[in-house]
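Step one of this worksheet: look at the structure below.
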Amino acid sequence: MIVKNLNGTSDSPKCPCGVWLKHWERYSGRTAGLCAEHTCKESATVGAHVQKDSGDKSWYVIPLCRKHNNQFGQDLNIMDSTNLVPVTNRSKCGS
Ligand SMILES: [Zn+2]
Ligand SMILES: [Zn+2]
């Protein structure tokens with residue numbers, strides 16, 4: 001699955017989860033492990049903001065390693081099994 005990495009992690013308003021990786025864990029029900037990029041073997045340390053490559057303009061959070069998170073504006077090929085958590089879903093934040 002192709003997504004575009006957005007340079008928005010530091011600009012966007014933070015939710016009560018504190019860090020976006022925590023937000024991703026809370027909504028996906030998973031514990032962050034490896035970077036979502038399909039060939040990457042690094043640990044995911046950041047919740048990155050991405051958009052789907054399909055005309056869907058929503059922003060999603062996925063777990064990425066530091067290196068891939070820093071590739072702003074680039075297309076990333078992520079594992080199809082990755083949970084894309086909508087940034088706008090705030091119903092469980094801070095609970
Ligand atoms: Zn990576
Ligand atoms: Zn949150």
Which length gain, in nm to one decimal place, applies between T45 and N70 when the Cα-Cα distance is subtracted from 0.36 nm times their residue separation? 7.8 nm
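Residues with beta-carbon under 13 Å from that of C17, excluding C17: net charge, scoring Lys, Arg +1 and Asp, Glu -1? Don't skip to the end; give the middle numbers.
Working: positive: K14, K22, R26, R90, K92; negative: E25.
Result for the local shell: +4.
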Going by average Cβ neighbours within 10 Å, how do the peptides 71-83, 55-67 rank, with the highest at the top? 55-67, 71-83
Scoring only Lys, Arg, Asp and Glu (+1, +1, -1, -1) among other residues with Cβ under 10 Å from the Cβ of N83 yields 0
Taking the C-alpha atoms of the chain, how large are the radius of gyration and the largest Cα-Cα span, Dmax, in Å? 12.0, 34
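Taking the Cβ of S28 as the centre, find all other residues whose Cβ is under 12 Å away and add up their charges (Lys, Arg: +1; Asp, Glu: -1).
Net of charged neighbours comes to +3.
The numbers here are math on the coordinates, done by the rules we state, and not lab data. Predicted, not measured: the structure shown is a model, and the values here were computed from it. So basically every Cβ, Gly included, is an ideal-geometry build from the backbone, and we count neighbours across all protein chains shown.
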